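To start, the structure under review is shown below, and the notes come after it.
Quick note: the coordinates plus some simple rules give every number you see, no bench work behind them. If you're wondering where the values come from, they're calculated on a predicted model, not measured in any experiment. Heads up, the Cβs are rebuilt from the backbone with ideal geometry, glycines too, and the neighbour counts pull from every protein chain shown.
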């Protein structure tokens, strides 16, 4: 297991249980306690948890999100596969919502040489990826800066985005479940994604195969609300049947 992936799972365990012993994490991931201590130190620096004697506890004020820097290291190959396929959906002259995920960042890198499109986003990272291209019109909301994700969120961001309407919206998901729908870890991110979907003609979800049957804290919308799902391999048969019944395009 990659170090970044282990950190994600440690964060999820702490989030779920409120706290855990270092020795238990060492056994759970079959690594040394020194390795776990380094992981906990990194996660404490992200503001997700607080180290205590013998383990770690959840921070009461934590946003329950892992930083973009760590997330970029998780499944980069899958994200690049998804980005390559999603880029083919974009046509010259279209206006597009991009959320602040690492998957949409991969997509932004794919289209950085395009011209004649308008990108509306809440992500500083996506602006930085596209900033050198004067042929892409870039619109970004203001609002409260969530440093851990490099994105603007909250009422100011939401009210700004409500005044824009796009041909297409690309959002990612932490969880993708027929039962719970499209979910993410943070309610303020869920609100931004929902507005982007509500105000777009075509709604596209970017979700790698590890997200299927996962459920995160905050619901964005039901799966049936999406028009297209872009993933890295063929989804399970129950999902394919659901997509067929609900006229959802699966791109893989």
Proxy reagent accessibility, fewest Cβ within 10 Å first, across 34, 168, 28 = 34, 28, 168
With Cα atoms, 0 to 90° folded angle of helix 187-198 axis to the chain main axis | 20
Which percent, nearest 5, of DSSP beta bridges in region 70-251 are antiparallel?
-> 30
When the chain is treated as a Gaussian network with springs between alpha carbons less than 10 Å apart, the largest mean-square fluctuation among 204, 230, 31 is found at 31
Calculate how steeply helix 76-87 sits against the longest principal axis of the alpha-carbon atoms of the chain, using the helix alpha-carbon long axis, and give the answer as 0 to 90 degrees to the nearest 10.
-> 10
Against the longest principal axis of the chain, how steep is helix 3-17, in degrees 0 to 90 to the nearest 10, with axes from Cα atoms?
-> 80
Based on the Cβ-Cβ distance of residue 41 and residue 198, what FRET efficiency does E = 1/(1 + (r/R0)^6) give at R0 = 35 Å, to the nearest 0.05?
-> 0.30
In which sequence would 129, 82, 182 go, from the one with the fewest C-beta neighbours within 10 Å to the one with the most?
-> 129, 82, 182
How big is region 3-62 on each of its three principal axes, counting only the C-alpha atoms and giving the largest first in Å?
-> 30, 21, 18
Neighbour-count ranking [beta-carbon atoms within 10 angstrom, fewest first] of 53, 225, 239 = 53, 225, 239
With -39,500 (n - 2.57) per DSSP H segment of 4 or more residues and division by the full residue count of the chain, the 222 nm estimate, nearest 500 deg cm²/dmol, is -11000 deg cm²/dmol
With R₀ set to 30 angstrom, the calculated FRET efficiency between the beta-carbons of residue 92 and residue 163, to the nearest 0.05, is 0.80
At what distance in angstrom do the alpha carbon centres of region 110-142 and region 196-252 lie from each other?
-> 24
Could you calculate the contour length gain from residue 215 to residue 246, that is, 0.36 nm times the residue separation minus the distance between their Cα atoms, to one decimal place in nm?
-> 9.1 nm
Which residue, 18, 47, 150, has the most motion in a Gaussian network model of the chain that connects Cα atoms within less than 10 Å?
-> 18
